[in-house]
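A quick write-up on the structure given underneath.
The values are calculated or read from the model by the stated rules, or taken from the named source; none is laboratory data. Computed from a predicted structure; not experimentally measured. So basically every Cβ, Gly included, is an ideal-geometry build from the backbone, and we count neighbours across all protein chains shown.
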Amino acid sequence: MPAPKQDLFARLEAGLESFTPTERHIAHYMLGKRGELPFETAASLAQKLGVSAVTVGRFCRLLGYRHFRAVKEELRKSTSSAPWLVGAQLAQFVTHYGEDQVRRGLDSEIAALAEVHGMVDTPPWKAVTQLLVRSQLVQIAGFQTERGLALLLANQLQYVREGVEIVDTSAGNYADVFARRAKSRCLILLDMRRYSRQSYLLAEKAADESIPLVIITDKYCDWGPRFTPHVFALPSESGQFWSSPVPMTCFINLLVTSVVARSGRAVEQHLEKLSELFEHFTGFVGTSGSRRNSRRA
């Protein structure tokens with residue numbers, strides 16, 4: 001069987017919606033572990049995924065390869081200088097970490113940033129940008145280490161439009177999301193594996209209540225598409241001990257920029273008002289404080 005002409009990862013991404021759940025599970029893993037695949041075997045891959053080696057081989061044939069060894073051979077030729085990751089175990093990480101690992105991490109994050117930038121102005125990107133612009137209420141929730149990223153997105157959006165809230169994840173009942181009524185709204189979830197059970201339950205409930213949902217996650221999340229078409233699966237592996245937040249931070253910055261670009265004069269008016277209020281109550285470095293204090297002086 002001749003090797004397919006299309007790039008392996010392009011075929012994986014193109015086939016995600018048509019794959020069976022098991023095939024999608026394998027595809028997400030391969031997309032997220034690009035640098036490690038040349039060092040896997042069908043058996044080791046199957047063990048990590050909880051499937052049989054026969055299933056891995058069948059999936060490779062579906063992609064147009066004779067077997068997994070053919071996949072590895074192509075990857076070795078096309079990514080011979082690409083970084084590969086050391087794994088998630090702390091002991092192994094400490095053993096291998098050094099100058100080369102820093103370089104590989106940099107290479108991985110540069111590639112991830114390029115991939116995120118490539119999402120801009122695609123149909124899914126335009127659809128979500130338009131959703132954020134037209135929604136009267138935008139609510140954002142993040143879990144685990146992504147809580148700070150959710151707050152970053154909320155704070156940046158609050159600077160350019162009204163009606164943006166960070167979800168109260170401590171109350172336990174999410175009444176601020178599901179007991180609210182708004183003419184138009186959307187919910188944004190940010191989470192990376194291992195995913196919080198709350199992420200899944202929020203997504204499930206939002207889908208049940210027909211609340212437009214956006215999920216910003218990593219390439220391992222195979223449950224997001226069950227609840228919404230607006231799933232952005234970002235690269236997260238960098239060879240560091242933690243999954244890298246850099247691609248998600250870049251995504252947030254680009255998304256807010258797109259909202260600004262599509263909101264017109266309303267953003268400028270909102271920013272002018274916020275700047276005036278901040279100057280009045282707080283002031284900026286290098287200024288004499290609020291106007292009220294200036295008048296009293």
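No other residue among ILE166, ILE188, ILE211 is under 25 Å from GLU115 (Cβ atoms), touching a strand residue (DSSP E or B) at 6+ places or on another chain (Cβ under 8 Å) and β-branched (Val, Ile, Thr) apart from ILE188.
Results for (1) in the same structural domain as ARG265 (by TED's automatic domain parsing); (2) buried (at least 20 other Cβ atoms within 10 Å of the Cβ); (3) not β-branched (Val, Ile, Thr), shown as yes or no for each residue.
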residue	(1), (2), (3)
GLN144	yes, no, yes
ALA150	yes, yes, yes
LEU157	yes, yes, yes
GLY163	yes, no, yes
ILE188	yes, yes, no
LEU213	yes, yes, yes
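For every residue, the table says whether it meets (1) in a loop (DSSP other than H, G, I, E, B); (2) within 24 Å of ARG161 (Cα to Cα).
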{"site": "LEU187", "(1), (2)": "no, yes"}
{"site": "ARG193", "(1), (2)": "yes, no"}
{"site": "LEU201", "(1), (2)": "no, no"}
{"site": "VAL214", "(1), (2)": "no, yes"}
{"site": "SER236", "(1), (2)": "yes, no"}
